Amino acid sequence: MTVAEYNNCVDTYSDGVFRFVLKNSKDKEKAQDIVQDSFEKMWIKVKEITAEKAKSYLFTTAYHTMIDNIRKNRRLSCFDDVEYGESSTNNEYLGLKELLNRAINLLPEIQKSVLLLRDYEGYSYEEIGEITNLNESQVKVYIYRARVFLKEHIGSLENVI
């Protein structure tokens, strides 16, 4: 990959990678750090990566960096931060988008990641498999389970309104 192709990748993919990481981490500064780390890792291997594989490489690297960051933070967090007795229903009105975001945050990390890659970023099952190191059938199963959970958690539209 040439320097011009690398710069083009930065212009083309940085927003998408940032949105993906931000949606998962909910922390703007961490998301920016992960995106920067991903591009740094790509720069280190710029001679080995082709321009055609750059998008996949960036999302894969960002995904793995984000998972490492989540695991690291889990080890460092205290039990005092856990809220017990939190219910999935609330008497106050929530916007549908906020309700959906809360439900997505309840998903296991792998289901959340594959669902966001598919439904928010528009990746194919094969591309998601490359990014997450899963085979295509595993990706489909995780997406299906995530959608079933969301459907059961949110319920029918009449219950939301």
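Throughout, read-outs are computed from the coordinates displayed, never taken from laboratory work. Quick caveat, the model's predicted, so the values are computed rather than measured.
Within a straight-line Cα-Cα reach of under 17 Å, K23 can be paired with the following lysines, leaving aside sequence neighbours fewer than 8 residues apart in one chain: K97, K112. Pull up the cross-link candidates among the lysines for K41, meaning alpha carbon to alpha carbon under 19 Å and not fewer than 8 places away within one chain. Here the lysines satisfying the reach criterion relative to K41 are K30, K53, K55.
If you average the sequence gap of Cα pairs under 8 Å that are 6 or more apart and divide by the length of the range 91-161, what percent do you get for the contact order?
Working: 44 pairs, mean separation 24.9, N = 71.
Taking the mean separation of contacting Cα pairs over the length of the range 91-161, I get 35 percent.
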